[in-house]
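First the structure, in the form of structure tokens, and then the observations on it.
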Amino acid sequence: MDMKSFNVWLHNIAEKCLENIMICYYLLLVFLLPLIIPFLFIYMIVTSWWPIVLLYLTWFIYDYKSPKRGGYPSTWIRTRSIHKYFARYFPIHLHITTPLISGKNYLIGSHPHGIISMNTFANFTTNATGMLEKHPGMNVRVCTLTPQFWPPLRREWGMLYGLIDCSKESLHYVLNTKNSINNIVVLIVGGAEEALDAHPGSHILTLSKRKGFIKIAIETGAQLVPMYCFGENELFEQVRKEF
């Protein structure tokens, strides 16, 4: 193997390592942190570290409504180039058929939910696929369930990445054109019920009982945009529900 071939081989190995690191980073934040941090806080309460827990609880009470008030998305964090390795692992691409015009608010109905919505994370909570370059000046947020904002520290991490509460109050606050414009909110319409139907080769959507988002779009003046995440259901195998 000559030096050029060796450099190419070494570069490919480094790329694959970074891709796997970013996948582990995502899974750590989604699955492990919500389990680890509560026990860590309980341990800190009975040790000399208890003042830190008290300070965080004070902050939590003060900041309690932030998930329903648009959070505090960080462009600096979301645009770090390291996130591109997460998208390259699969790979994930963002294909836009019609550009979103500035001066309006948009509610994107995303399908399917999949197990943990990796397409949505790559495309909208980060800039891994160039969303912010394709729509400059737009503020992008992604809705998730209220319990996602219960684990300490994980809630702040989520809001830095643009996560907000999926409640009616939250959507009205961000999407109301009387308050602000140039907002994009992504709502994974099918939710946990649709996640149970996520199987390779399957495209079962939960829509008949999920029409509230259409009403919210009408009430706020937001434009409705459909989105489909091809390949999301192919990522994991799960036991098929029998009900």
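The values are calculated or read from the model by the stated rules, or taken from the named source; none is laboratory data. Computed from a predicted structure; not experimentally measured. Glycine also receives a Cβ, built like all others from the backbone with ideal geometry; neighbour counts cover every protein chain displayed.
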Checklist line | Residue in segment 194-233 that is farthest from Thr126 (Cα to Cα), counting only those that are assigned to a loop (DSSP other than H, G, I, E, B) and of a type in the set (Ser, Thr, Tyr) | finding: Ser208
Note to self: Only one of Leu205, Leu196 is in contact with a strand residue (DSSP E or B) (Cβ under 6 Å, 6 or more places away or on another chain) and not polar (S, T, N, Q). Can you tell me which?
What the structure shows: Leu205
Notebook entry, point to check: So which of Val142, Val225, Val186, Val239 is aliphatic (A, V, I, L, M) and touching a Gly at 6+ places or on another chain (Cβ under 6 Å)?
Noted result: Val142
Margin query: Conditions first: (1) at pLDDT below 95; (2) assigned to a helix (DSSP H, G or I); (3) among the β-branched types (Val, Ile, Thr). Ile101 passes all but one, so which condition is the exception?
Written below: (2)
Notebook entry, point to check: Considering Lys84, Lys16, which residue is within 17 Å of the chain's Cα centre (by Cα), farther than 19 Å from Trp150 by Cβ and of a type in the set (Lys, Arg)?
Noted result: Lys84
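Tell me the residue from Gly114, Gly103, Gly109 that is at negative phi and out of contact with any His (no Cβ under 7 Å at 6 or more places or on another chain), please.
Values: Gly114 fails: at negative phi; Gly103 fails: at negative phi.
Gly109 is the lone residue from the list that is at negative phi and out of contact with any His (no Cβ under 7 Å at 6 or more places or on another chain).
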Next item on the list: Using the structure shown, decide if Asn139 is surrounded by 24 or more Cβ atoms within 10 Å (Cβ to Cβ), within 26 Å of Pro91 (Cα to Cα) and under 16 Å from the mean Cα position of the chain (by Cα).
Entry: no
Check: Which members of segment 195-243 meet the condition of being among the charged types (D, E, K, R) and touching a Lys or Arg at 6+ places or on another chain (Cβ under 8 Å)?
Finding: Asp197
Note to self: Which condition from (1) without any contact (Cβ under 8 Å) to a residue 60 or more places away in the chain; (2) touching a Lys or Arg at 6+ places or on another chain (Cβ under 9 Å); (3) surrounded by 16 or more Cβ atoms within 10 Å (Cβ to Cβ) is the one that Ile96 breaks?
What the structure shows: (3)
Check: Is there a residue in segment 70-83 that is of a type in the set (Lys, Arg) and buried (at least 17 other Cβ atoms within 10 Å of the Cβ)?
Finding: yes
Checklist line | Identity of the residue in segment 205-243, touching a residue at least 40 places away in the same chain (Cβ under 8 Å), over 28 Å from Leu100 (Cβ atoms) and not aromatic (Phe, Trp, Tyr), that ends up surrounded by the most Cβ atoms within 10 Å (Cβ to Cβ) | finding: Gln238
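Determine whether Ser170 is among the polar types (S, T, N, Q) and either in contact (Cβ under 8 Å) with a residue 60 or more places away in the chain or surrounded by 21 or more Cβ atoms within 10 Å (Cβ to Cβ) (or both). Walk me through how you get there before you give the answer.
Working: among the polar types (S, T, N, Q): yes; either in contact (Cβ under 8 Å) with a residue 60 or more places away in the chain or surrounded by 21 or more Cβ atoms within 10 Å (Cβ to Cβ) (or both): yes.
So Ser170 fits the description; yes.
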Notebook entry, point to check: Got a sec? Which helices (runs of 4 or more DSSP H) wholly within segment 1-86 have at least 2 residues that are without any contact (Cβ under 8 Å) to a residue 12 or more places away in the chain?
Noted result: 3-27, 33-45, 50-62
Next item on the list: Having 1 or more residues that are among the aliphatic types (A, V, I, L, M) and within 18 Å of Leu100 (Cβ to Cβ) is the bar; report the strands (runs of 3 or more DSSP E) wholly within segment 134-193 that clear it.
Entry: 139-144, 183-188
Notebook entry, point to check: If you take the residues in segment 99-118 that are more than 15 Å from the chain's Cα centre (by Cα) and in contact (Cβ under 8 Å) with a residue 12 or more places away in the chain, which one is surrounded by the most Cβ atoms within 10 Å (Cβ to Cβ)?
Noted result: Asn105
Next item on the list: Tell me which residues, restricted to segment 47-70, are among the β-branched types (Val, Ile, Thr) and in contact with a Phe, Trp or Tyr (Cβ under 6 Å, 6 or more places away or on another chain).
Entry: Val53
